[in-house]
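Undergrad: One structure, pasted below without further comment.
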Amino acid sequence: VAETKKEEGNKLYKQKKYHEALKQYSSAIESCPNIPSYYGNRSACLMMICKYKEALDDIQKATKLDPSFTKGYLREAKCHLLFGDTTSAGRCLQTVKTLDPSNTALIQDKKTLELLEKHVNESKRYFDKSDYRSALYNIKNAISVATQCTAFKLIKAECLVMMSKHSEAQEIVNDILRFDGMNADALYIRGMTLYYTDNVDKAFSHFQQVLVFNPDHEKAKQIYRKAKQLVSQKQEGNNAIKQNKIDDALRIYTNALTIDPLNSLTNAKLYFNRSIVYAKLKKLAEAINDCSKAIELDESYIKAYLRRGKLSMDSELYEEAVRDYETVLKKEKTREHKQLLDTAKLELKKSKRKDYYKILGVSKTATDDELKKAYKVQALKHHPDRHTTDTDDEKKEAERKFKEVGEAYAVLTDPKKRSRYDNGHDLDGGGMDGFDIDPNNLFQAFWSTGGAPSGFSSSQGPFHYTFSQGGNHSGAGQHGFSFNNFPF
C-alpha cells in the first residue's frame with residue numbers, strides 16, 4: 001500500500017500537482033515511517049510549494065535513516081543555502097564528496113556555496129566601510145540564492161536605511177515582523193526608519209522594545225542614546241531662542257548638527273532654526289546658506305523655501321527670491337504664496353531700473369527736504385566743473401552721473417512720478433531709461449531762488465561752467481563761494 005501511494009505521488013509530482021502529490025507521500029509515510037526515499041520525495045514536493053522548513057525537516061529525517069543517502073544530502077544542502085546557512089550547506093556537500101567524489105551535481109552546488117559566501121563577506125566588508133551602495137549590491141546577490149534568509153533581508157533593510165530609502169526598508173521589516181513579531185533586529189531597523197523620518201516618539205518606543213527583548217543589543221543602545229541627545233539639543237536650542245539667548249542658540253544648534261549626519265530631516269530643521277539665529281545676528285548670507293542646506297536635506301521643506309525667499313528679498317537678491325517663491329507656489333498654490341511671488345517679481349523688475357534713491361544716497365522714505373539736501377551734495381559732487389582736470393573718460397563718467405542725479409531728483413520730487421516709480425510702473429508710458437532731462441536747466445533752476453553757487457556760469461552752453469575757489473577766478477569772485485567750504 002505504501003509503495004502504491006508513493007508511485008501515485010510520483011505521477012502527480014510529474015504533472016506538477018504538488019498538493020495532491022504531498023497527500024500521497026504523507027500517506028505512504030504513515031504506512032511506512034522508516035523509508036528514507038518517502039521523506040526525500042515529500043521534501044522535494046514541499047520545496048515546490050515553498051514550505052522550505054518542512055522540506056528541511058523531512059530531508060534531515062531521510063539522511064538520518066540512511067546516512068549514505070547522497071541525493072538526500074544534496075537536497076539538504078540546497079535547503080541550507082536557501083536559509084543562508086553556509087556552514088551546514090558546506091558540511092552536507094563535504095559528506096557528498098566523501099560518499100560520491102564524482103557526483104556531477106556537487107561541482108555546481110559548491111560553486112553556488114562559494115559565491116554566496118563571497119557576496120556575504122563582501123557585503124559585510126563594504127558595510128563596515130560605510131559603502132552602503134556596494135554592501136546593498138552584494139547582499140541582494142546573496143538573497144537571490146538565500147531567498148529564505150531573514151538575516152540577509154535585515155542587512156538589506158539596514159543598507160536601505162543608511163541610504164535614506166526608508167519606505168523600502170520598512171516594507172522588508174514589516175514582512176518579517178508579520179511572522180515574527182519579537183524579532184529584535186527587525187524592530188531595531190523599523191525604529192531607525194521611524195527615527196530618520198522624524199517619528200521620534202514611535203522610534204523611541206521601538207528601541208525600548210528591542211532592549212526588552214535583547215538588553216545587549218548594542219546598535220539599539222547606540223542609536224537610542226544618539227536620538228535622545230539630538231532631540232534634547234534641538235529643544236535646548238529652541239528654548240535659547242525663546243529666551244533671546246542668541247549666541248547660546250547658535251552654539252547649541254551648531255553642536256547638534258554634528259550628532260547624527262544621517263538624520264536628514266532633523267538636521268534640516270536644525271539648519272532652518274540656525275538660519276533664524278543668523279538672521280537675528282544680521283548675518284543674512286549665513287542665514288541664506290543654512291536655508292539652502294535645509295532644502296538640500298529636505299526638498300519638500302516649504303518653510304525653508306519661504307524663509308530663504310524672505311532673506312533673499314531682504315538682501316535684494318530678487319531673482320533668487322522669485323525662484324524660491326515659484327517653487328513654493330508649485331508645491332502649495334495659495335493666495336498668500338501668489339502674493340509673495342508677485343511682490344518678488346515687482347521688486348526684481350524695479351531692481352533692473354536705475355535706483356534713484358541710491359543715486360541720491362537717500363532712503364525710500366526720504367522727505368522733500370532730504371531730497372533737496374541730497375541733490376545739492378550729489379549735483380555739486382559730480383558737476384563737470386569739478387572734473388576739468390580729469391581724463392576724457394572720467395569727464396564723461398562725471399557728466400553721466402550728473403545727469404542721473406538730476407533725473408533722480410526730478411522724478412522723486414514729483415509726487416505722481418515718484419508714486420509710479422515706487423510701484424514699478426514706467427514713467428510717461430516709456431521706460432525709466434527713456435526719461436529725459438536737461439541737467440543744466442535743472443541745476444540752474446535749483447539755484448535760481450538763492451543764486452547759483454560761486455563760480456558757476458552757463459553762458460557758454462550745457463555743462464560748461466566756470467568755477468573759482470576763493471573768488472579768484474575771473475568773472476566769479478563776487479560770489480565768494482568755494483567747494484572747499486561746502487558741507488558735503
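The values are calculated or read from the model by the stated rules, or taken from the named source; none is laboratory data. It should be emphasised that the depicted structure is a prediction, and the values quoted were computed from it without experimental measurement. Note that each Cβ is placed from the backbone with ideal geometry, even for glycine, and that neighbours are counted across all protein chains shown. What goes into the accessible areas is simple: the full protein's heavy atoms, side chains included, and nothing from ligands, DNA or RNA. Shrake-Rupley method; radii C 1.70, N 1.55, O 1.52, S 1.80 Å.
Undergrad: What percentage of the solvent-accessible surface of the stretch 331-377, computed with a 1.4 Å probe over protein heavy atoms, is contributed by carbon and sulfur atoms?
TA: 51 percent
Undergrad: How tilted is helix 132-145 with respect to the longest principal axis of the chain? Cα atoms for both, answer in degrees (0 to 90, nearest 10).
TA: 20 degrees
Undergrad: Right, something else. Please give the per residue volume of the convex hull enclosing the alpha carbon atoms of the stretch 127-272, rounded to a whole number of Å³.
TA: About 110 Å³ per residue, rounded to a whole number.
Undergrad: With a cut-off of 17 Å, note down the residues of the stretch 60-94 whose backbone N falls inside the zone around a label point 7 Å from the Cα of K111 toward its beta carbon.
TA: Under 17 Å, as judged by backbone N against the label point of K111, lie 78 of the stretch 60-94.
Undergrad: Then there's this: Taking +1 at the Cβ of each Lys and Arg and -1 at the Cβ of each Asp and Glu, which of M313, Y409, S232 sits farthest along the dipole of the chain towards its positive end, judged by Cα position relative to the Cα centre?
TA: It is S232, whose Cα lies furthest towards the positive end.
Undergrad: Can you give the helix-only mean residue ellipticity at 222 nm for the chain, where every DSSP H stretch with n ≥ 4 adds -39500 (n - 2.57) and the sum goes over all residues, rounded to the nearest 500 deg cm²/dmol?
TA: Counting only the DSSP helices, I get -23000 deg cm²/dmol.
Undergrad: Can you give me the solvent accessible area of T104 with a 1.4 Å probe, rounded to the nearest 10 Å²?
TA: So the heavy atoms of T104 present about 120 Å² to solvent.
Undergrad: While we're on this one: Taking a threshold of 28 Å on the Cα-Cα distance, which of the pairs K51/K219; K111/K153; K293/K333; K118/K219 fall above it?
TA: K51/K219
Undergrad: Using r as the Cβ-Cβ distance of D198 and D342, and R0 as 35 Å, what FRET efficiency do you calculate, to the nearest 0.05?
TA: That gives a FRET efficiency of 0.60.
Undergrad: Using only Cα atoms, tell me the angle between helix 318-331 and the longest principal axis of the chain; keep it within 0 to 90° and round to the nearest 10.
TA: Taking the Cα atoms of the chain, the angle to 318-331 is about 40 degrees.
Undergrad: Here is a further query. What is the angle, in °, between the Cα long axis of helix 264-280 and the longest principal axis of the Cα atoms in the chain? Nearest 10 is fine, range 0 to 90.
TA: 20 degrees
Undergrad: Fully extended, how many nm does the chain gain between I49 and S31 (0.36 nm per residue separation, minus their Cα-Cα distance)?
TA: Gain on extension, I49 to S31, equals 4.1 nm.
Undergrad: Counting only the backbone N, which residues of the stretch 361-387 are under 18 Å from the spot 7 Å out from the Cα of S419 toward its beta-carbon?
TA: 365-368
Undergrad: Taking just the alpha carbons, could you work out the radius of gyration and Dmax for the chain, both in angstroms?
TA: When restricted to Cα atoms, the chain yields Rg and Dmax of 41.8, 142 Å.
Undergrad: In a shell of Cβ-Cβ distance under 13 Å around E168, excluding E168 itself, what net charge do Lys and Arg (+1) and Asp and Glu (-1) give?
TA: +2
Undergrad: Out of the total accessible area of the stretch 216-259 (probe 1.4 Å, heavy atoms of protein only), what percent is carbon and sulfur?
TA: So the carbon and sulfur contribution to the accessible surface is 43 percent.
Undergrad: Could you give the Stokes-Einstein D for the stretch 252-352 in µm² per second, using the C-alpha Kirkwood radius, 10 °C, 1.306 mPa s?
TA: 115 µm²/s
Undergrad: Rounded to the nearest whole Å², what accessible area per residue is found for the chain with the 1.4 Å probe?
TA: Per residue, the chain has 54 Å² of solvent-accessible surface.
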